[in-house]
Amino acid sequence: MHKELLIRHDRCLGCRSCELACAAAHSKAGNLIKAMLAGERLLGRIFVSQVRDKKVPLNCRHCEDAPCIDACITGAMHRDSSGVVTNDGGSGKCTGCWMCVMVCPYGVIHSDLMERKAVKCDRACLNDGGVPACVSACPTGALLFAHPGELSDEKRKEFISQLTD
């Protein structure tokens, strides 16, 4: 099983550090300040939204049965050998038809109108330790890159700890 970007919603402050780190990691400069000084247009692939009093960071879930892959008429949206759903060209070139945008149940694929292509989390931002830029940038540990069972184990231990205190 592959590692996934997991979210601890109760820890998110809505600071958007993950959005900035993601955009910087995907910039040509690879650095926020250098990218801004170069006049690059920064595009993040994670979105922090507020729903009532909760802040929710959300990105592509790389669904097992990804509707964006099925909807892509050119085959540009595909799953790579590591299990990541990506739009890097694949077997076809993204034409900007936005079918993937329309079918994504999480609303995390957005349209880059200038480049006429769909943009989404591609996990191309992993650091030397194999951790995504958004996870590294999160000051509260709201984002975790791990196997889903690890988060379940953590939550179970927290629950038992509260129960026994």
Taking region 107-127 on its own, how many of its residues are under 14 Å from the mean Cα position of the chain (by Cα) and in a loop (DSSP other than H, G, I, E, B)? 10
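Residues checked against (1) surrounded by fewer than 15 Cβ atoms within 10 Å (Cβ to Cβ); (2) under 19 Å from E4 (Cβ atoms):
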site: K93; (1), (2): yes, no
site: W98; (1), (2): no, no
site: G107; (1), (2): yes, yes
site: M114; (1), (2): yes, no
site: V119; (1), (2): no, no
site: V135; (1), (2): no, yes
site: L151; (1), (2): no, yes
site: L163; (1), (2): yes, no
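Let's see how each residue does on (1) modelled with pLDDT under 95; (2) under 15 Å from the mean Cα position of the chain (by Cα):
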| position | (1), (2) |
| --- | --- |
| G14 | no, no |
| D53 | yes, no |
| N87 | yes, yes |
| C100 | no, no |
| P105 | no, yes |
Test result for C60, touching a Lys or Arg at 6+ places or on another chain (Cβ under 7 Å), closer than 16 Å to V119 by Cα and at pLDDT 95 or above: yes
Looking at (1) touching a helix residue (DSSP H, G or I) at 6+ places or on another chain (Cβ under 6 Å); (2) surrounded by 13 or more Cβ atoms within 10 Å (Cβ to Cβ); (3) polar (S, T, N, Q), can you tell me which one T140 breaks? (2)
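Checking the conditions here, which among A118, A146, A142, A124 is touching a Ser or Thr at 6+ places or on another chain (Cβ under 7 Å), touching a residue at least 24 places away in the same chain (Cβ under 8 Å) and on the phi < 0 side of the Ramachandran plot? Talk me through it step by step, then tell me what you get.
On the way: A146 fails: touching a Ser or Thr at 6+ places or on another chain (Cβ under 7 Å); A142 fails: touching a Ser or Thr at 6+ places or on another chain (Cβ under 7 Å); A124 fails: touching a Ser or Thr at 6+ places or on another chain (Cβ under 7 Å).
Result: A118 is the single residue among A118, A146, A142, A124 that is touching a Ser or Thr at 6+ places or on another chain (Cβ under 7 Å), touching a residue at least 24 places away in the same chain (Cβ under 8 Å) and on the phi < 0 side of the Ramachandran plot.
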In region 55-72, residue nearest to the chain's Cα centre (by Cα) [restricted to those that are surrounded by 12 or more Cβ atoms within 10 Å (Cβ to Cβ) and assigned to a loop (DSSP other than H, G, I, E, B)]: C60
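The values are calculated or read from the model by the stated rules, or taken from the named source; none is laboratory data. Here the structure is a predicted model, which is why all the values come from computation and not from measurement. Don't worry about glycine lacking a Cβ; one is built from the backbone with ideal geometry, like all the others, and counts go over all protein chains shown.
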